[in-house]
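Novice: I'd like to ask some things about the structure below.
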Amino acid sequence: MIRTFRQHILRQTRLLDGLWDFVTDPGNVGQTEEWHKNYPSGSRKLVVPSCWNNELGLFEYIGSAWYRTYFDTAKESNIRLVFEGILHHADVYVDGRHVGYHFGGYTQFSALLPHLAQGHHELIVRVDSTLDWQTLPTDVVDWYSYGGIIRSVELQELPDVYIDSLKIDYELTDDQADISLEVQVKSLSRNDSEIVVNASTEGLVFPASTVQLSAGQSAQLTLRGSLAHIRKWDVGHPELYTFTVQAGEDDLIDRTGFRTVEVDNGQIMLNGKKLYLQGVNRHEEHPEWGFAFPPKLMLKDLAILKDMGCNIVRGSHYPQSQFWIDLLDEHGMLLWSEIPMWGCFMSTETLASPLFAERGVRMLEEMITRDYHHPSIIFWGAHNEIDTRTVEALELTKKFVGCIRSLDDSRLVTYATMHPEEDIVLSYFDVIGINKYYGWYQGNVDGFRDMLQNYYRNAEAQGAGGKPLVMSEFGAAGIFGDAGWEPRLFSEDYQAEVVQQALKIFREDPRIVGTLIWHFADIRVEVRSDRPYFRDRARSFNNKGLLNEYRKPKLAYRLVKEIYRSER
Ligand code: ADA
């Protein structure tokens, strides 16, 4: 995987990124003609990872496509293929055999091939970027419907007994951490085995444990230890601890940071101190790369966030790549992480769909399992702008929040509501996020004041009055370079005025604990002549970025920087 640090020294890994064969399949004939066995001739080459829509002639292509590459094994080996992100449906075939299916473009999955014979192997992936009313996101999204293998593909050679997962948990008492490591080991061996499991981190060697495994079985063990005088991870103080686990001939390296996050008296407390959140929403998107966002540009985006005075970024609206989250860990920047719930505000049919709910729960599980150790993540976001006035939303909320809390009780659970005045799910969350666009879709900026009073009344009535409130989205469109003497709609001046006035209102309200401006940079939007959506998106972009899509600052950026860097 593309991480900022090495996850294995013993386990052999290699990236399969590079030029793959690629052919689109608009009629879906590939399945009947069994392209997984007879890959069609005349295919073109495409770089993995990338989005195919960034290639000439494929800009508007939504549908299925077939990718092919090869890999060699020098001896019979246990192979695990790890796919970091494929938009959206993926079927994986090795040497003509179907070895896995996954839905969900922003979470990783793997295919396991025990005892794969020595030789030259063909890997084919059928990718389908089609979305509908039961997918996350749905087929109506305020971003571009990119398709493809958007993140890296890694090949791992596993020993016969290997580490399948690691979960690092800790309890903090002052500056002491009581740590437990839950290690899951699996055997692919045809014989019984006995292995020793060791683990260590800076200043601590865990007592080793011996595990007996019957052929083909798995086992879970917990290693415990305590560390005194720990350095806490905090905003701007990215203290990280690296854990190395070795099980027989396999190893796994991961990192975490020690910190607490909780709610007290209507405030968010990080390491026991009141936290005021200043941030933006950010899509991991760029017009040249789509969602296959290059690491080099991530570093620059992070530098821009820091320059602006942000301490948090919302990963709108899907799990971000691990490289980005590693960088946030390393720079002491907070993250709100969520699953791609978008397009469910128009009807409750989607919310009531069992398939939709099942997919959402699986995505939550995949996101939380993958990203559990990142200290930068303080919020899990359950959903965005669903119709939270309805019983369907209430039922889905119970499922999603129940799932999150069962997997992680060390972080806060939040969501973004567009119906704060009538919302009936407030009591399920630790922190409430409000998305409202006074000054853009609704009246003028002063409308925020009445809306907030109505929200507070609704929250009181539901027994949720004391919950911390974050303004999770607000803003206005401003076309880069359109500046003048007066703040006309769509000008940089107008956008700057809306954002500045809104921030003033929010910063004066003691019940608001943070602001996340929509949006970091302009993003490409799918505006199609045959559909009624997003017709106001000039240039086919959501122009509410403080920067344009090439990260050039607008007037609003400079004002926000001044505000975020000043005392409240
Ligand atoms: C919503 C949504 C964003 C974006 C924004 C806008 O609040 O969550 O993804 O679409 O509105 O620009 O209208």
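The values are calculated or read from the model by the stated rules, or taken from the named source; none is laboratory data. Worth saying up front: this structure is predicted, and the values here are computed from it rather than measured. Ideal geometry is used to build each Cβ from the backbone, glycine not excepted, and the neighbour counts take in all protein chains shown. The protein model used for the area step is the full one, side chains on, heavy atoms only, and it has no ligands, DNA or RNA in it. Shrake-Rupley method; radii C 1.70, N 1.55, O 1.52, S 1.80 Å.
Novice: Between His331 and Gln31, what's the calculated FRET efficiency when r is the beta-carbon distance and R0 is 51 Å? Round to 0.05. Each step should come with its number before you reach the end.
Specialist: Numbers: r = 45 Å, r/R0 = 0.89.
Efficiency computed from Cβ-Cβ geometry: 0.65.
Novice: Roughly to the nearest percent, how much of the accessible area of segment 18-151 is carbon and sulfur, given a 1.4 Å probe? Could the numbers behind the result be given before it?
Specialist: Numbers: 2490 of 4990 Å².
Summing carbon and sulfur atoms, their accessible area is 50 percent of the total for segment 18-151.
Novice: Which of the peptides 293-301, 393-401 is most tightly packed, and how do the rest follow, going by the mean number of other Cβ atoms within 10 Å of each residue?
Specialist: Working: 293-301: 15.2, 393-401: 19.7.
Final packing ranking: 393-401, 293-301.
Novice: Something else now. State which entries of Lys296/Lys552; Lys300/Lys552; Lys167/Lys296; Lys306/Lys561; Lys504/Lys544; Lys273/Lys436 exceed 20 angstrom in Cα-Cα distance in the structure shown.
Specialist: Cα-Cα > 20 Å for Lys167/Lys296; Lys273/Lys436; rest within.
Novice: Suppose a student asked you for the relative contact order of segment 161-256, using Cα pairs under 8 Å spaced at least 6 residues apart; what percent would you report?
Specialist: Computed over segment 161-256, the figure is 32 percent.
Novice: Let me ask something else about it. Given R₀ = 41 Å, FRET efficiency for Arg531-Arg568 by Cβ-Cβ distance, to 0.05?
Specialist: FRET efficiency, Arg531 to Arg568: 0.45.
Novice: Under unit Cβ charges (Lys, Arg +1; Asp, Glu -1), what dipole magnitude, rounded to 20 debye, does segment 1-137 have relative to its Cα centre?
Specialist: 620
Novice: How large is log10 of I(q)/I(0) for segment 18-151 at q = 0.15, 0.22 Å⁻¹ when the intensity is taken from the Debye formula with one equal scatterer per alpha-carbon?
Specialist: The computed values of log10 I(q)/I(0) come out as -0.71, -1.44.
Novice: Summing +1 for each Lys or Arg and -1 for each Asp or Glu, what net charge is found among the other residues whose Cβ lies under 13 Å from the Cβ of Gly63?
Specialist: Summing Lys/Arg as +1 and Asp/Glu as -1 gives -4.
Novice: A follow-up question, please. Sort Arg151, Arg14 by heavy-atom solvent-accessible area, probe 1.4 angstrom, most to least.
Specialist: Ranked from most to least accessible, the order is Arg14, Arg151.
Novice: Kindly sort Ile563, Ile517 by accessible area of their heavy atoms, largest first, with the probe set to 1.4 Å.
Specialist: Per-residue accessible area, sorted high to low, gives Ile563, Ile517.
Novice: I've got another one for you. Run the dipole for segment 205-338 about the Cα centre, Lys and Arg Cβ at +1, Asp and Glu Cβ at -1, nothing else charged, and hand back the magnitude in debye, nearest 20.
Specialist: Numbers: 12 positive and 17 negative charges, 101 e Å.
Dipole of segment 205-338, to the nearest 20 debye: 480 debye.
Novice: Still on this structure, I have one more. Pick out, in residue order, every one of the chymotrypsin sites (Phe, Trp or Tyr not before Pro) in segment 87-143 that is DSSP loop and has at most 16 other C-beta atoms within 10 Å; say none if there are none.
Specialist: Trp133
Novice: Dipole size in debye (nearest 20) for the chain around its Cα centre, Lys and Arg Cβ +1, Asp and Glu Cβ -1?
Specialist: For this selection, approximately 960 debye.
Novice: Please list Glu349, Glu366, Glu486, Glu285 in order of solvent-accessible area, largest first, computed with a 1.4 Å probe with all protein chains present. The partial results should precede the final answer.
Specialist: Values: Glu349 115, Glu366 45, Glu486 90, Glu285 5 Å².
Order by accessible area, largest first: Glu349, Glu486, Glu366, Glu285.
Novice: I'd like the distance between the alpha-carbon centres of segment 36-50 and segment 351-366, rounded to an integer number of Å.
Specialist: 31
Novice: At 1.4 Å probe size, what's the solvent-accessible area of Tyr70? Round to the nearest 10 Å².
Specialist: 100
Novice: Run the numbers on the chain and let me know its relative contact order in percent, using alpha-carbon pairs under 8 Å that are six or more apart. Before the final figure, lay out the partial values.
Specialist: On the way: 1355 pairs, mean separation 66.3, N = 568.
Contact order relative to length: 12 percent.
Novice: Let me ask you something else. Positive end of the charge dipole of segment 228-366 (Lys, Arg +1 and Asp, Glu -1 on Cβ, about the Cα centre): tell me which of Gln278, Phe323, Trp233 has its Cα farthest that way.
Specialist: Gln278
Novice: With every protein chain left in place, what is the accessible area of Thr260 in Å² (1.4 Å probe, nearest 10)?
Specialist: Accessible area of Thr260: about 50 Å².
Novice: Can you check what the net charge comes to around Pro420, using other residues whose Cβ is under 15 Å from the Cβ of Pro420 (Lys, Arg +1; Asp, Glu -1)? Before the final figure, lay out the partial values.
Specialist: Values: positive: Arg389, Lys436, Arg449, Arg457, Lys467, Arg511; negative: Glu385, Asp387, Glu421, Glu422, Asp423, Asp450, Glu460, Glu473, Asp509.
Taking every Cβ under 15 Å from that of Pro420, the sum is -3.
Novice: Per-residue accessible area for His286 at 1.4 Å probe radius, Å² rounded to 10?
Specialist: Approximately 10 Å² of His286 is accessible to the 1.4 Å probe.
Novice: I need to check one value: relative contact order of segment 275-564, counting alpha carbon pairs closer than 8 Å and at least 6 residues apart, in percent.
Specialist: 18
Novice: Sorted from largest down, give the three principal axis spans of the alpha carbons of the chain, whole angstrom values.
Specialist: Taking max minus min along each principal axis of the Cα atoms, the chain gives 73, 62, 43 Å.
Novice: So which aspartates and glutamates pass the test for Lys554, namely a Cα distance under 16 Å, with those fewer than 8 places away in the same chain ruled out?
Specialist: Reachable aspartates and glutamates: Asp301, Asp307, Asp482, Glu486, Glu492, Asp493, Glu497, Asp522, Glu562.
Novice: If you find the alpha carbon centre of segment 523-568 and of segment 206-277, how far apart are they in angstrom?
Specialist: 37
Novice: Related question: Can you give the net charge of the other residues whose Cβ lies under 13 Å from the Cβ of Gly466, counting K and R as +1 and D and E as -1?
Specialist: -1
Novice: Between Phe59 and Lys398, what is the label-point separation in nm under the 7 Å Cα-to-beta-carbon projection?
Specialist: Between Lys398 and Phe59, the label points sit 4.8 nm apart.
Novice: Under 5 Å between amide hydrogens, which residues at least 5 positions from Thr130 or on another chain qualify, with H placed 1.01 Å from N in the peptide plane?
Specialist: Gly63, His88, His89
Novice: 7 Å from Cα along Cα→Cβ at both Arg405 and Ser180: what's the point-to-point distance in nm?
Specialist: With each label point 7 Å from Cα toward Cβ, the separation is 2.0 nm.
Novice: Further question: Rounded to the nearest 500 deg cm²/dmol, what is the calculated helix-only ellipticity per residue at 222 nm for the chain, with -39500 (n - 2.57) per DSSP H run of length n ≥ 4?
Specialist: -6000 deg cm²/dmol
Novice: Right, next: For the pair Lys504 and Asp307, what calculated FRET efficiency results from E = 1/(1 + (r/R0)^6), where r is the Cβ-Cβ distance and R0 = 25 Å, to the nearest 0.05?
Specialist: That gives a FRET efficiency of 0.70.
Novice: Amide H of Phe206 versus every other amide H placed in the peptide plane: which residues, excluding those fewer than 5 positions away on the same chain, fall under 5 Å?
Specialist: Long-range HN contacts for Phe206: Ala199, Ser200, Thr201.
Novice: Per residue, how many Å² of accessible area does the chain show with a 1.4 Å probe?
Specialist: Per residue, the chain has an accessible area of 38 Å².
Novice: A further question follows. Cα centroids of segment 402-473 and segment 84-105: how far apart, whole angstrom?
Specialist: 37
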